[in-house]
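Working notes, beginning with the structure itself.
The values are calculated or read from the model by the stated rules, or taken from the named source; none is laboratory data. Worth saying up front: this structure is predicted, and the values here are computed from it rather than measured. For neighbour counting, all protein chains shown are included, and Cβ atoms are generated from backbone atoms with ideal geometry for every residue, glycine included. Ligands, DNA and RNA are stripped out before the accessible areas are found, and what is left, the full protein with its side chains, is counted by its heavy atoms. Shrake-Rupley method; radii C 1.70, N 1.55, O 1.52, S 1.80 Å.
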Amino acid sequence: MIAVAELPDQPPFALRARLLTPRAGGDTRYEADALVEVDATGRIATVTPWSDRDLPAMVVDARPRLLLPGLVDLHAHLPQIPNAGLGAGLDLLTWLNRYIFPLERAFDRAAAERLAPAALRAFAGAGTTTVVAYGALWPDSLDACFEAAEAHGIRAVIGKVMMDRLTYDEAIAPSEILERSLRQSAELCARWHGRDAGRLRYAFTPRFAVSCSAELLSESARLAAETGAYWQTHLSEDAGEMGEVHRLFPAARDYLDVYDLAGGLGARTILAHAIHLSPREVARLAESGSHVAHCPASNLFLGSGNMPLAHYLEQGVSVGLGSDVAAGPELSLFGVMRAGAYTHNALGTASEGHPTVDPLRWLRLATLDGATAIGLQDEIGSIEVGKEADLILVDPELTAPVPGLDTSEPSELMSRLIFRPHPAMVKAAWVRGRRLPADQAVA
């Protein structure tokens, strides 16, 4: 078996490996022995069953490892990573005040320069090649996060958290918060949105309705629409949060309506959690083309509730996956898939006539559906000719219950990756054919 150090670092290259990928047409492709060629621009030039005829000059034989599309994490909090796994059993608002706001308050530029490079290496080591992330309030720390992503090579969408209520910025007068938050966010967007031919992008990021005025919500949504950037926030994560939203926005029909009235819904909107939705809200999400970041690991960790994923999919809601670190206790989307599968099974939705979410569907949620949520389904999310080579190479043998066991059945391969993930199973990750530095603890 080829050593990890011998895998290609940059395009062009050709890999021989097993292959498993969703496809744009809705099916899944598996090849027990495939050739994937990446051209000099970092795009996929060939995906074909292996043949001894007409081979490229040099092929790296990575068998029996498995090539997958890079994973797309739709919801993470960069400043919160040091507290992953802490605070289990607390409700959301208590957890935020005890564990999160102190971390974010201290996440200045120096802290971001220390943490962000390590965090991005850890994401890559877990198989994540695209991350959609929240920063802290401080704009210089956001610059440091973007600089780290630019140097690392990961595909990233990042935004400065916006809060004009419950703010942890104690040095600013309340009358100045709104103007400053909007101005700083607009300046960050101007600097970073679309950088490196779109590898880096900006998301206007009002934290959630509890910490934002109606004006901040509407003005941030307007800026996102004017600049072509994203708009991300939280929705219906926790019962206590929902009660507070109802108190603060009595004219809104429900939580989603707060964002709808602000002009925040649409194709470039990512709403995290969305656990406790009424039928009206589900229908409106589908109608508006907004996207949900499903974060089952963090929902279980904080006891927030169980999102009825199968029902949302049946109603046409666009859903991808998010780690939600640090409420989510791990960065790995394989772990998130496992948490989601357990939640789905516990809800018994398949027995109630809803669609089954099988292992291959979880792969699609973590890849092509995530790419769709950020409008990049034609560029990434599957291993198909013409797409950019965002890829990961995993070692399925590490997931076997005893050494020497293997399977060539695609759903069984994916099932083991979900339910028996190994911290060292991701051997390499590439974005546009360039190999990402990865944390050695997991790579």
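Which of rounded, prolate, oblate describes segment 87-217, given a ≥ b ≥ c as roots of the alpha-carbon gyration tensor eigenvalues and a/c under 1.5 marking rounded, otherwise prolate only if a/b is larger than b/c?
Oblate is the answer for segment 87-217, as a/c is 1.5 or above yet b/c matches or exceeds a/b.
Testing the spin-label approximation: label points 7 Å from Cα along Cα→Cβ at ARG280 and LEU166. State their distance in nm.
Distance between label points: 2.4 nm.
Mind checking the per residue accessible area of segment 399-441 for me, 1.4 Å probe, whole number of Å²?
48
What's the extension gain from SER51 to VAL402 if we count 0.36 nm per residue and subtract their Cα-Cα distance?
123.2 nm
Hydropathy first: keep DSSP H helices in the chain averaging at least 0.0 on Kyte-Doolittle, then drop any whose Cα extent along the axis falls short of 15 Å, and list what survives.
Correct list, ordered by number: 109-125, 214-227, 333-347.
Please compute the net charge surrounding LEU178, taking Lys and Arg as +1 and Asp and Glu as -1 over other residues with Cβ under 9 Å from its Cβ.
-4
Can you tell me how segment 303-437 classifies by the Cα gyration tensor, rounded, prolate or oblate, using a/c under 1.5 as the rounded cut?
It comes out oblate by the Cα gyration axes.
Could you give the length gained on full extension between ARG420 and ALA151, defined as 0.36 nm per residue of separation minus the Cα-Cα distance, in nm?
Result for the pair: 93.6 nm of gain on full extension.
Quick one: if you stick a label point 7 Å off each Cα along the C-beta vector at ARG63 and ASP439, how many nm between them?
3.4
According to a simple spin-label model (label point 7 Å from Cα along Cα-to-Cβ), what is the distance in nm between GLU379 and GLU244?
The answer from the label model is 3.5 nm.
Which loop chymotrypsin sites (Phe, Trp or Tyr not before Pro) in segment 102-203, with loop taken from DSSP, have no more than 11 other Cβ atoms within 10 angstrom of their Cβ?
Counting only loop positions with at most 11 other Cβ atoms within 10 Å, none of the chymotrypsin sites (Phe, Trp or Tyr not before Pro) in segment 102-203 qualifies.
Taking loop as defined by DSSP and a crowding limit of 12 other beta carbons within 10 Å, which trypsin sites (Lys or Arg not before Pro) in segment 26-135 fit?
Those satisfying the criteria are ARG53.
Calculate the dipole size of the chain relative to its Cα centre from +1 charges on Lys and Arg beta carbons and -1 charges on Asp and Glu beta carbons; express the result in debye to the nearest 20.
It works out to roughly 300 debye.
Of the accessible area of segment 290-396, with the probe set at 1.4 angstrom, what percent is carbon plus sulfur?
Of the solvent-accessible surface of segment 290-396, carbon and sulfur hold 49 percent.
Given R₀ = 51 Å, what would the calculated FRET efficiency be for ASP358 paired with ALA251, taking r from the Cβ atoms and rounding to 0.05?
Working from the Cβ atoms, E equals 0.75.
Hey, with R₀ at 41 Å, roughly what FRET efficiency would GLU187 and ARG23 work out to, going by the Cβ-Cβ distance, to 0.05?
FRET efficiency, GLU187 to ARG23: 0.55.
Could you state the accessible area per residue of segment 155-299 in Å², with a 1.4 Å probe and every protein chain left in place?
With the other protein chains kept in place, segment 155-299 gives 35 Å² per residue.
Counting only C-alpha contacts under 8 Å and six or more residues apart, can you give the relative contact order of the chain as a whole percent?
21
Want the number for GLU176 to GLU314: 0.36 nm per residue separation, take away the alpha-carbon distance, what's left?
Stretched out fully, the GLU176 to GLU314 stretch lengthens by 45.2 nm.
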